[in-house]
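What follows is calculated from the coordinates using simple rules that are stated; it is not laboratory data. As the structure is a prediction and not an experimental result, all values here were calculated from the model. Note that we place each Cβ from the backbone using ideal geometry, even for glycine, and neighbour counts take in every protein chain shown.
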Amino acid sequence: MAALLEVGRLTVRFGGVSALSDIDLAVREGELVGLIGPNGAGKSTLFDCLTRRCEPQEGSLRLGGEEVTRLPAHLVAGRGIARTFQNTALFPSLSVRENVMTGAHRHGRAGFWAAALGRAVAEEHRMGAAADVLLDRFDLTRYADHPAGGLPYGVTKRVEIARALAGGPRLLLLDEPASGLAPGEVPALADLIRQIHYERGVTIIVVEHHMDFVLALCRRIVCFELGRKIADGPAGSVRQDPAVISACKGMAW
Ligand SMILES: Nc1ncnc2c1ncn2[C@@H]1O[C@H](COP(=O)(O)OP(=O)(O)OP(=O)(O)O)[C@@H](O)[C@H]1O
Ligand SMILES: [Mg+2]
């Protein structure tokens, strides 16, 4: 199958720090890829480049053949790229349902509010119904009218994923979806993401330090260390790669 995402020679520097150096990566339509690596490896920086929160010095990003390297950030969602954040970034005073609905609007936050004021009732109903389907799928219905602020952490992680899915993305970027979860919650989240991937056919890159979570989910694993890609291949071989084991020592395999 054709590559949905093509990252070519991507380089990002912050002052003297090379967050990403010459990264090449191709992800096929429908793949579920695990991205691992120690702290500071550049995993989130890759997501930041793809969602245009960060400007690469060199290299290119193509989605579905279209160059998106310099795309204005507010157009990213419209191109079908959605993400969650390592530290959850919900609107705390909005309800869970409203948070999920913000994700349904493909033109960003300002666009959501502008449209919310004048949107036809039918459109509002359609988006609400779509949000309700996601709330049900993510076992969030009972929290639908609760403000997102103050909810248990594991719940907010699920709300973030539901919100990212609400826009019907082609590429979903999950940044440490299992971090901070109670150990008992981790396998259930892996199951949920696997099912969503299967049902929606969405291409997913998932960053995680929980190796059992990555191994349960992903057939292909990519490993970064200090901004460089040091491994990319079937999970079984990457997990046995001495360079990966050395880079990721301290992580539970
Ligand atoms: N906005 C920024 N300004 C300056 N340096 C940054 C910025 N964002 C990231 N960095 C640096 O770039 C490098 C890569 O960071 P990044 O957050 O991408 O790593 P990571 O692999 O996501 O790590 P972690 O597993 O801890 O989340 C680090 O050295 C980090 O300090
Ligand atoms: Mg990170």
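Comparing Gly168, Gly149, Ala247 along the charge dipole axis of the chain, the residue lying farthest to the positive side is Gly168, per the Cβ-charge model. Normalised by the number of residues in the chain, the mean separation of alpha-carbon contacts (under 8 Å, six or more apart) gives a relative contact order of 26 percent. Shown for His209, His105, His146: other C-beta atoms within 10 Å of each C-beta, ranked fewest to most, produce the order His146, His209, His105.
Ordered from longest to shortest, the equivalent ellipsoid semi-axes for the chain are 30, 22, 16 Å, each the square root of 5 times a Cα gyration tensor eigenvalue. Computed over the chain with a Gaussian network model linking Cα atoms closer than 10 Å, the most mobile of Gly80, Gly30, Gly150 is Gly150. Once the Cα atoms are used to define both axes, helix 153-166 deviates from the longest principal axis of the chain by about 80 degrees.
Listed by chain and number, the lysines whose alpha-carbon sits under 18 Å from that of Lys249, ignoring those within fewer than 8 places in the same chain, are Lys43, Lys229. If R0 equals 30 Å, the separation of the Cβ atoms of Arg53 and Thr141 corresponds to a calculated FRET efficiency of about 0.45. Once the Cα-Cα distance is subtracted from the 0.36 nm per residue extended length, the Glu199 to Asn39 segment shows a gain of 54.4 nm.
Exposure proxy for Cys218, Cys248: other Cβ atoms within 10 Å of each Cβ, ordered fewest to most, give Cys248, Cys218.
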